[in-house]
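Have a look at the structure below before the remarks.
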Amino acid sequence: MTIDTIIRQGNLIDGQQQIDIAIDKGKIVEIGKELKINSRQTIDAKGCLISPPFIDTHFHLDAALSLGNPRMNESGTLLEGIQLWGELRPLLTAEEVKKRALAMCRWSIAQGIQAIRSHVDITDSRLITVEALLEVKKEIAPWLTLQLVAFPQDGLYRSEGAEKNLLKAIDMGVEVVGGIPHFERTMSEGTRSITTLCELAADRGLLVDMHCDESDDPLSRHIEALTYETHRLGLQGRVTGSHLTSMHSMDNYYVSKLLPLMAEADVNVVANPLINISLQGRHDNYPKRRGMTRIREMRDFDINVSLGHDCVMDPWYSLGSHDMLAVANMAIHSQQMTALEEMRYMYETITTHSAKVMQLDGYGIQKGNDANIIILQASDSIEAIRLKAIRLYVFRFGEIVAKAKPLVSHLNLNGNTFEVDFKSKNIE
Ligand code: FE2
């Protein structure tokens, strides 16, 4: 029997080395050492890391690549970003949103991302963002799985018509209920929005993902209400709190009560280190808070934490290339999680933990799963994060959909030549 493809001599995330992976008809059919199987195509992984694809659990495809339009965010704050997006929103057309989103998706695929949870702003009653992203979702599905969140950017109650628009977006096919309780007019309105939105999700059998406590205010405690509603409505495992930056500034005693409740309700958490580290603490002088949620502490309670890129070149963030390894890299730095097992854990936050957040079936390098695989120019997961390693191959359903040349620099120093790939500690 001859199968489609064998990837030979790669390393797996769990540390196994020199592993072959056999792929046929879009599926992983065998994994093992020195497989004796014939294939039409052989890829020599040469000791590089074979990984399941990256997943971005928090993104804004409707805003991505809009940087500078209609102007730049001068203060660099979250609030000016929201204001700026409000200026751009009435100028948007479905065609323009779709064009930008598709261009962004091509970057994502090249970066080895194969699933994105994208929030979609439903504030504008024309709902052109929803229309555009539903079309993008359908068109890009062969290469990239999109999950859309109905997101009331300016508040469910604070923004006129948002509640009606949100329901309409869900009827149009958006599958996750979003919210932004800290941006409502008062704390109590924020809590009320959480109750309404969670009840809606429970009624319709939908998932929930809220921008929650994206603030430096230690008294922004909407995660408590979100956890309570998750428990009350039996939504365990189906609810995500995104950002949770106020937890950075919260009273430690309060957090010691909060975390076990979050664990009990099986609430997922998405941290967005690139954005949180840039936007939070902007109102502080020195010492300056950095506004990252408490990943290490949540890990101790077995709370499922994943990471999001959140923004690429939009009103909130001028940088980025949708590189989830850059996100994990920033998380390690900002959380000071530099122990070897902590860095390995961080790789999980952009892969397996994210699959749990999005409830993706059949994710991972396992026999019988879809052959969705990336090969990185790195020997292991820590090296991948260190180097923000090149995605040498991206497989989707067994087909190579992206390829890149290895990064090697050729030096000539007074006639002595060297090859530098930053991969090994070779000092000869
Ligand atoms: Fe966001």
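The values are calculated or read from the model by the stated rules, or taken from the named source; none is laboratory data. Fair warning: this is a prediction, and the values are worked out from it, not measured in the lab. No Cβ is skipped: glycine too gets one built from the backbone with ideal geometry, and neighbour counts run over all protein chains shown. For accessibility, only protein heavy atoms count, side chains too; no ligands or nucleic acids. Shrake-Rupley method; radii C 1.70, N 1.55, O 1.52, S 1.80 Å.
Observations on the model:
- Of Arg126, Arg185, Arg100, the order by accessible heavy-atom surface (1.4 Å probe, DNA, RNA and ligands excluded), from most exposed downward, is Arg185, Arg126, Arg100.
- Qualifying GluC sites (Glu not before Pro) in region 46-112, where qualification requires a DSSP coil assignment and no more than 16 other C-beta atoms within 10 Å, comprise Glu74.
- Dmax and Rg, reported as Rg then Dmax, of region 4-135 (C-alpha, Å): 21.3, 61
- With Cα atoms, 0 to 90° folded angle of helix 252-264 axis to the chain main axis: 70 degrees
- Cβ-Cβ FRET estimate between Glu160 and Ser424, R0 fixed at 60 Å, reported to 0.05: 0.50
- Summed residue charge, Cβ within 11 Å of Ser278's Cβ, Lys/Arg positive, Asp/Glu negative: +1
- Residues of type aspartates and glutamates that Lys27 reaches as a straight line, Cα spacing below 18 Å, ignoring anything fewer than 8 places off in the same chain: Asp4, Asp361, Asp370, Glu399
- Spatially proximal aspartates and glutamates relative to Lys33 (Cα-Cα < 16 Å; intrachain offsets below 8 disregarded): Asp14, Asp20, Asp44
- Beta bridges by DSSP in region 54-358, antiparallel share as percent, to the nearest 5: 5 percent
- Volume per residue of the C-alpha convex hull in region 281-428, rounded to whole Å³: 201 Å³
- For the pair Asp300 and Ala404, label points projected 7 Å from Cα toward Cβ lie 3.6 nm apart.
- Between helix 128-140 and the chain: long-axis angle, C-alpha atoms, 0 to 90°, nearest 10: 20 degrees
- Dipole magnitude (debye, nearest 20) for the chain, charges at Cβ of Lys, Arg, Asp, Glu: 880 debye
- Sequence-distant lysines (8 or more away, or on other chains) whose Cα lies within less than 24 Å of Lys99: Lys137, Lys138, Lys168, Lys403
- Value at 222 nm in deg cm²/dmol, rounded to 500, when DSSP H runs of n ≥ 4 in the chain each add -39,500 (n - 2.57): -10000 deg cm²/dmol
- Counting heavy atoms of the protein chains alone, Tyr347 has an accessible area of about 0 Å² for a 1.4 Å probe.
- Carbon plus sulfur fraction of accessible area for the chain, probe 1.4 Å, in percent: 51 percent
- For the pair Asp203 and Arg289, label points projected 7 Å from Cα toward Cβ lie 3.5 nm apart.
- Rule-of-thumb Rg ratio for region 184-310 [Cα; 2.2 N^0.38 Å; N residues]: 1.01
- Per-q log10 I(q)/I(0), region 54-358, q = 0.07, 0.12 Å⁻¹ (Debye; single scatterer per alpha-carbon; no solvent): -0.23, -0.71
- Prolate/oblate/rounded call for region 312-371, Cα gyration tensor, a/c under 1.5 rounded: oblate
- Sequence-separation-based contact order of the chain, relative, with Cα cut under 8 Å and 6+ spacing, percent: 18 percent
- Acute angle (nearest 10 degrees) that the helix 187-204 long axis makes with the longest principal axis of the chain, alpha-carbon atoms: 60 degrees
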